[in-house]
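Following: one structure in structure tokens, then a few remarks.
Read-outs throughout are calculated quantities, based only on the coordinates presented, and are distinct from any laboratory measurement. Only a predicted model underlies this, so the values are computations on that prediction, with no experimental measurement involved. Note that we place each Cβ from the backbone using ideal geometry, even for glycine, and neighbour counts take in every protein chain shown.
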Amino acid sequence: MSDTAKKYTIVVIVLAVFISLGIRLYDLQIKSQSEYGMKSEKNSIRRIVEIPPRGLMYDRNGVLLVDNEPSYVLTMIPKKFDRNNLQEIANLIEENPEEIVAMLDEQTGTNRFNPLRIKRGISFKVVSYIEENRERLAGVDYQVESMRKYRSNVRGSHIFGYTREISQTQLARDTGGYYQQGDIIGQTGLEKFYEPKLRGIKGIKLASVDVNGKILGPYNDGKNDIQAISGSDLHLTIDAELQGYAEKLLGGRRGAIVAVDPRNGEVLCLVSKPDFDLSIFSGSGKEKEISEVFNNPSNPLFNRVIQTRYPPGSTWKMMMGAAGVGSGKITTTSTIACGGSYTFGNRTFEDHGAYGNISLARALEVSANVFFYKLGVMVGIDDYYKYGKEFGFGTKTGIDLPNETKGLLPSREYFDKVYGEGKWGQGLLVSLGIGQGELGVSPIQLACYTAAISMDGMYYQPHLVRKIKNPTNNYEETPEYYKRQIDLPKNLFETLKRGMYLVVNGSGTAKRIRSSEYILAGKTGTAQTTKGNNHSWFVGFAPYNDPQIAVCVLGENQGWGAEFAAPIAAAIMIRYLSNNSSDVYEEMQSGEVIRD
């Protein structure tokens, strides 16, 4: 190549390089000016997620039960926090520095630029310290959020439920991406069941900040902000006065009380004991108390109203009578010979008395075991299961609370699975006839069953929420609940109600709770246990001719149904019917205790 050609080639290469650099410079200066300007601007803008206040809860009369109050939350921006200040911050908020580091290190990617909640419920003293040392404590800040406050003398542990920071497992299940680490979420009770309604909708605020992270004011006068929408309020079916009274009656004894309005399924009170103080889950500094609740061998978190699965004892006898009539094995006036015992195969089953030839209503009145021993065998397992299902046993009631049990209603398939196909005997039906054996029900199931009997077979879904109302946009929602008619003749229900009337107002097992003011009807039950005293049951409704309340009381290891459960149930029914003005519990405890 000649010298001229070489020079020409060099000139071309140099020109190409300069042209390329010129194009790139133009791109940087002109075309990307807007993009890079925006990126620069974003460095001085903080995106603040606004957490809306959770919806409140009111009782049926408008009494505020669950409220919110403001709480300071210490936050850190992991990317900006100077770890030389770690021990200072740990001392300030009385936390382990290693735990703070672990929380910071969990944040990756863009999350390291977002404020991370470190501790809730910090004092105003801590807030003041942060303000005074803001320039030195880069990445450390605080924000105001709400926490739960309980405003009445009602504990309601198993109704309201508690809230707590979302767990990693729950975050992983949040496919919609609504939640962030540190968010508060309903964990039990209504707080969990109605979480999507109670939580509201988050807002976004853009704030101008300086190099130290101090907020200078709203960005663009707040024109780009998205306002949060408060959570919706729950207006409950609960009567706060009755709820507090029921909690007092059960006291420190294990058991459950639930009362419903038989005309619509509204739950009037719901008590499970032992319970716990919901306020320990609000704020911070209550880790010891929370640990005691979680590790308590009595399991106060267990909701005995909807999660127990105990044999119902003699409260089952109305169902057994219904199965007998429904299957055509007896009529409402048929009589069965009731001696003092019943022998089936090589085993004799005892009764507490001999009553001669008696009908269904009389058998309920005196709680004659032999009548129902025989009826259990006559009905057989298939119709036993069929009519048990009709009354809602062996299935969830659908109450608006999480983790309800469906109980145990044995069927032919169940016994075949447990004992082997065809390898079980009809003798199992003897005990099942009186509500013993391999049978498990919950208090809410028994309350709904009792309510349905009082309403001639109309079964209503039990529920705790009357309406849902959003305070931001005033949108109101009335949940729909099912009802169904049990397919049995009306004269059967009249007979069952008559028998329950005689239990209290005749010579029955609950005559000690007879009232001169209101006509009560009910049935006692005593369920045998493998350890400790028997479980005490009572189901009832009132007034007899115009039912307005149906109740179920369970006393774990409290003995005879007439001794423990019946007086409590009677006191609750009369308390409600008297507009919370009567207290007859002490009066109802006098009188003879009759075994069932």
Rounded to the nearest Å, what's the spacing between the alpha carbon centres of segment 411-436 and segment 40-99? Just the number, please. 57
Nearest-0.05 FRET efficiency for Phe294 and Arg253, computed from C-beta distance (R0 25 Å): 0.70
Need one number: % antiparallel among DSSP beta bridges in the chain, to the nearest 5. 95
Using a simple spin-label model with points 7 Å from Cα along the Cα→Cβ vector, what separation in nm is obtained for Glu592 and Ile204? 7.7
Quote to one decimal, in nm, the extra length available between Lys389 and Ile215 on full extension: 0.36 nm per residue of separation minus the C-alpha distance between them. 56.4 nm
Taking all pairs of different Cα atoms in segment 274-349, averaging 1/r and flipping that mean, what Kirkwood radius in angstroms comes out? 17.6
In degrees, nearest 10, the alpha-carbon axis of helix 565-577 is tilted away from the dominant principal axis of the alpha carbons of the chain by 70
How are the Cα pair distances of segment 463-519 distributed, in percent, across 5 Å bins from 0? 4, 13, 12, 10, 8, 12, 12, 9, 8, 7, 3, 0
Label points 7 Å out from Cα along the Cβ direction at Tyr178 and Thr530: separation in nm? 4.2
Lys and Arg at +1, Asp and Glu at -1: neighbours of Asn580 with Cβ under 10 Å from its Cβ sum to -2
Between segment 190-264 and segment 439-483, the Cα center-to-center distance that results, in Å: 22
Averaging 1/r across every pair of distinct alpha carbons in segment 46-236 and inverting yields a Kirkwood hydrodynamic radius, in angstrom, of 18.1
For segment 328-426, calculate the relative contact order in percent as a whole number, restricting contacts to Cα pairs under 8 Å that are 6 or more residues apart. 19
Using every Cα-Cα pair within the chain, state what percent have a distance larger than 47 Å. 34
Taking R0 as 35 Å, what's the FRET efficiency between Tyr475 and Arg164 from their Cβ-Cβ distance, rounded to 0.05? 0.80
Given the Cα-Cα distance of Ser123 and Gln87 and 0.36 nm per residue of separation, how much length would full extension add, in nm? 11.1 nm
Per-residue ellipticity at 222 nm for the chain, helices alone: DSSP H runs ≥ 4 residues times -39500 (n - 2.57), over residue total, nearest 500 deg cm²/dmol? -9500 deg cm²/dmol
Compute the length gained on full extension between Thr405 and Lys483: take 0.36 nm times their separation in residues and subtract their Cα-Cα distance, giving the result in nm to one decimal. 26.1 nm
Select from Leu137, Leu74, Gly189 the residue farthest towards the positive end of the dipole of segment 46-236; place +1 on Cβ of Lys and Arg, -1 on Cβ of Asp and Glu, and compute about the Cα centre. Gly189
